[in-house]
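A.B. asks: Let me begin by handing over the structure; questions about it come next.
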Amino acid sequence: MKKSMLLVLALITTVGVAAPSKTDAMVEGKADFRKIVQHAKEKVFPAVAYIKCLREDNSSGKKITGEVLGSGVIITPGGEVLTNWHVIDKAVEVRCLLSDGTYYTAKIIVSDKDTDLALLQLQVPKGVKRGPFPFAELGDSTKLKEGSFVMAMGAPYGLNRSVSIGIISCISRYLPGSSEYSLWLQTDALINPGNSGGPMVDTEGKVVGINTRGGQGMGFASPMHNDK
């Protein structure tokens, strides 16, 4: 009995000594993860654009003019911007506010309703000297898995430059009422009105999706596929 008790006490002592080191490792891991998230955010945040669209609608038989707010992300140093089709649909004027506080009008290059994506080109006024635009690198959403951490960036409710963090809940969600050819990334990162068109970013600081819709604790994004 004495030997058994001594053995139990020895095991308890051993576990007691080992436990703090495991806890310390977990704390260090959390600190490292915060740095990873911060680094990823800093890579993309300067390329996030706040978009204001002047829209005209004649479907009711008379012209109705309104303003639509959304987000976008610059993907080339020449000023090409990815956003949502539903942000720029029926827009007669598109303006983008950049991270440095400058405004540029944008030309719609191409848009697609099924994928809810649109490509814009920032218009630099003649005579204005402008260096390369800050831009984000496109990633590959096929490398994501359920449980992968992502960040949703944009301008929710017109609040310029915001970020929320969550995980991928589903890598290929079909949504009734959407195109039968489109599958979406589902996340629990907050995507509110105004976030539409903003980037969904992985922990490497690459754009893996474009925020499309959200509500009731669920958000959805158009996936990015990079063949490089």
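The values are calculated or read from the model by the stated rules, or taken from the named source; none is laboratory data. Since this is a predicted model, take the numbers as computed values, not measurements. Every residue, glycine among them, receives a Cβ derived from its backbone with ideal geometry; neighbour counts consider all protein chains shown. When the accessible area is computed, the model is the full protein with side chains, heavy atoms only, and any ligands, DNA or RNA have been set aside. Shrake-Rupley method; radii C 1.70, N 1.55, O 1.52, S 1.80 Å.
A.B. asks: Taking a ≥ b ≥ c as the square roots of the eigenvalues of the Cα gyration tensor of region 84-151, is the shape rounded (a/c under 1.5), prolate (a/b larger than b/c) or oblate?
C.D. replies: Note, shape of region 84-151 comes out oblate.
A.B. asks: Under a point spin-label approximation (7 Å from Cα along Cα-to-Cβ), what is the His39-Asp140 distance to one decimal in nm?
C.D. replies: Simple spin-label model gives 2.1 nm for this pair.
A.B. asks: Rolling a 1.4 angstrom probe over the protein chains, ignoring ligands and nucleic acids, what is the accessible area of His86 in square angstrom, nearest 10?
C.D. replies: 60
A.B. asks: Let me ask something else about it. Where in region 49-93 does the label zone of Leu175 land, with the point 7 angstrom along Cα→C-beta and an amide N cut-off under 19 Å?
C.D. replies: Answer for this model: 51, 68-73, 82-90.
A.B. asks: Now for a separate question. Is region 167-228 best put as rounded, prolate or oblate by its Cα gyration tensor, with a ≥ b ≥ c the root eigenvalues, rounded for a/c under 1.5, and otherwise prolate when a/b is larger than b/c, oblate when not?
C.D. replies: oblate
A.B. asks: Have a look at Gly101, Leu82, Cys53 and report the one farthest towards the positive end of the charge dipole of region 50-122, computed about the Cα centre with Cβ charges (Lys/Arg +1, Asp/Glu -1).
C.D. replies: With unit charges placed on the Cβ atoms, the residue in question is Cys53.
A.B. asks: Leaving ligands, DNA and RNA out of it, work out the accessible area of Lys145 with a 1.4 Å probe and give it in Å² to the nearest 10.
C.D. replies: Approximately 140 Å² for this residue.
A.B. asks: Then there is this: Could you list the GluC sites (Glu not before Pro) in region 125-228 that lie in coil according to DSSP, counting only those with at most 11 other Cβ atoms within 10 Å of their Cβ? All intermediate terms of the calculation are to be shown ahead of the outcome.
C.D. replies: On the way: sites: Glu137, Glu146, Glu180, Glu204; in loops: Glu146, Glu180, Glu204.
Filter output for region 125-228: Glu146, Glu180.
A.B. asks: Where Lys and Arg each count +1 and Asp and Glu each count -1, what net charge lies around Ala155 among other residues with Cβ under 11 Å from its Cβ?
C.D. replies: Local net charge: +2.
A.B. asks: Which chymotrypsin sites (Phe, Trp or Tyr not before Pro) in region 135-209 pass both tests, a DSSP loop state and at most 10 other beta-carbon atoms within 10 Å?
C.D. replies: Numbers: sites: Phe135, Phe149, Tyr157, Tyr174, Tyr181, Trp184; in loops: Phe135, Tyr174, Tyr181.
Here the chymotrypsin sites (Phe, Trp or Tyr not before Pro) that fit, given the DSSP loop and packing criteria, are Tyr181.
A.B. asks: On full extension of the chain, what length is gained from Thr203 through Leu159, given 0.36 nm per residue of separation minus the C-alpha to C-alpha distance?
C.D. replies: 13.5 nm
A.B. asks: For region 55-203, with all protein chains present and a 1.4 Å probe, just round the carbon and sulfur fraction of the accessible area to a whole percent. Write down the numbers at each step before the final one.
C.D. replies: Numbers: 4120 of 7640 Å².
Heavy-atom surface of region 55-203 belonging to carbon and sulfur, 1.4 Å probe: 54 percent.
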